[in-house]
1. Looking at the range 280-303, which of the residues that are without any contact (Cβ under 8 Å) to a residue 40 or more places away in the chain and aliphatic (A, V, I, L, M) is nearest to residue 239 (Cα to Cα)?
2. Tally the residues that are of a type in the set (Gly, Ala, Ser), part of a loop (DSSP other than H, G, I, E, B) and under 16 Å from residue 371 (Cβ atoms), restricting the search to the range 23-63.
3. Scan the range 101-117 and tell me whether some residue there is open to solvent by less than 40 Å² (accessible area, probe 1.4 Å), part of a loop (DSSP other than H, G, I, E, B) and under 20 Å from residue 210 (Cα atoms).
4. Would you mind stating whether residue 398 is within 23 Å of the chain's Cα centre (by Cα) and either more than 30 Å from residue 31 (Cα to Cα) or in a loop (DSSP other than H, G, I, E, B) (or both)?
5. What tally of residues in the range 384-395 results from selecting those that are closer than 18 Å to residue 326 by Cβ and either outside any helix (DSSP H, G or I) or open to solvent by 40 Å² or more (accessible area, probe 1.4 Å) (or both)?
6. Kindly evaluate residue 403 against the criterion of being open to solvent by 40 Å² or more (accessible area, probe 1.4 Å), farther than 21 Å from residue 43 by Cα and modelled with pLDDT of 95 or more.
7. Considering each of 49, 94 in turn, give the residue that is open to solvent by less than 20 Å² (accessible area, probe 1.4 Å) and modelled with pLDDT of 95 or more.
8. Looking at (1) within 30 Å of residue 43 (Cα to Cα); (2) under 21 Å from the mean Cα position of the chain (by Cα); (3) not in a strand (DSSP E or B), which is the one condition that is false for residue 124?
Amino acid sequence: MNVFDELVLPNGSRIPNRIAKAAMEENMADADHAPSDSLLQLYQTWADGGAGLLISGNVMVDSRAMTGPGGVVLEDDRHLARFTRWAQTGQANGAQFWLQINHPGRQMPAELGQTAWAPSAVPLDLGNMSKHFAMPQAMSQPMIDETIARFATSARLAERAGFSGVEIHAAHGYLISQFLSPLSNQRTDQWGGSLENRARLLLAIVRAVRAAVSPQFAVAVKLNSADFQRGGFSADDALQVVGMLNDLAVDLVELSGGSYEAPAMQGAARDGRTLAREAYFLEFAAAIQQVAKMPLMVTGGIRRLPVAQQVIDSGGALAGIGTALALDPALPRAWRQGQHSEPRLSPIGWKNKTLASLANMALVKFQLRRLGRDKKPAPQVSPLRALLEQQVINALSARRYRRWIRARE
């Protein structure tokens with residue numbers, strides 16, 4: 001099997017090759033938190049680049065719950081025409097285009113001024129940076145029911161807009177991932193305790209989404225292979241959850257890992273494990289492949305064709321690429337033409353690991369903004385400059401968001 005071979009999903013739809021543009025949070029919405037012109041330009045660039053599947057950055061199911069300022073929201077049909085243009089842009093050259101739908105739970109910046117929901121009132125542990133996230137409120141049963149319905153609504157609207165699928169974000173420490181982890185989920189009711197109870201929200205959302213869309217519309221799940229925190233969601237837990245998803249008409253599971261507290265998706269862990277420099281989660285995928293009935297996508301640090309091919313040779317269905325496609329959006333096309341490009345950002349050796357993680361994300365977003373202005377990436381930009389610029393953008397966007405949400409209320 002070659003990375004440029006077609007993939008047929010369980011629902012019968014086809015992905016033209018095995019390279020996927022993995023989700024990266026863009027925070028490039030317009031003033032109404034709909035897809036902006038720069039976001040459409042960004043996805044036009046990726047559509048021209050040759051990946052078989054494009055997965056959007058976070059699209060929020062609730063305007064009151066944002067992973068960051070400048071995020072796209074899809075909770076009703078008021079901007080459906082903009083989403084239709086976005087869908088058409090991403091699929092212009094034959095790729096499938098899925099929306100990643102998400103709820104941040106407690107991983108919502110305090111500067112947005114909203115109440116954070118979570119399975120339990122357990123704050124983020126980010127040292128001195130913890131103050132930037134509010135103490136979350138434990139969700140009541142009506143809150144849980146509303147959230148399940150919102151995921152289904154966003155998926156139904158995504159299909160109406162013309163996207164070919166959705167990916168339910170159950171990784172990286174966001175709300176569904178918080179329910180899965182015994183560290184953040186300390187409930188004693190039907191939503192907490194055993195793994196079956198902690199997985200109940202994910203399974204309920206998958207069922208609701210699947211019921212809200214047509215059979216040919218792809219429904220995928222992004223799942224942590226582990227949280228990389230002692231006592232958290234483990235690789236064995238992930239194995240069991242994939243088994244639970246087997247009979248729910250899930251078309252793909254993407255394996256990633258980590259959270260804001262332990263950003264393993266950037267190659268860092270808190271439980272003593274050292275992650276490989278590329279294809280971070282491939283070793284975990286091997287075990288999960290033994291039980292998974294659906295195709296698996298492996299994401300995390302891939303930037304070279306031999307590593308992408310290794311993912312496929314090891315039984316993975318798709319190789320998910322993020323940062324490398326921010327640095328070279330035409331990377332799949334270059335590989336197909338025999339070029340051996342391997343774009344990378346220089347590592348950030350700051351002592352404060354939380355700040356280093358923020359700077360790494362800022363570097364990626366710096367490239368996305370350039371692509372959105374139809375400019376070439378600038379991978380050599382200073383991490384400090386990128387971080388400071390991102391902080392200014394965040395502050396201005398947060399102020400705009402607070403005005404926007406007050407007007408809606």
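The values are calculated or read from the model by the stated rules, or taken from the named source; none is laboratory data. Keep in mind it's a predicted model, so treat the numbers as computed, not measured. Reconstructed Cβ throughout: ideal geometry from the backbone, glycine too, with neighbour counts over all protein chains shown. When the accessible area is computed, the model is the full protein with side chains, heavy atoms only, and any ligands, DNA or RNA have been set aside. Shrake-Rupley method; radii C 1.70, N 1.55, O 1.52, S 1.80 Å.
1. The selected residue is 286.
2. Summing the residues that are of a type in the set (Gly, Ala, Ser), part of a loop (DSSP other than H, G, I, E, B) and under 16 Å from residue 371 (Cβ atoms) in the range 23-63 gives 4.
3. Yes, the range 101-117 contains a residue that is open to solvent by less than 40 Å² (accessible area, probe 1.4 Å), part of a loop (DSSP other than H, G, I, E, B) and under 20 Å from residue 210 (Cα atoms).
4. Answer is no for this residue.
5. 3
6. yes
7. Among 49, 94, only 49 is open to solvent by less than 20 Å² (accessible area, probe 1.4 Å) and modelled with pLDDT of 95 or more.
8. Answer for residue 124: the failing condition is (1).
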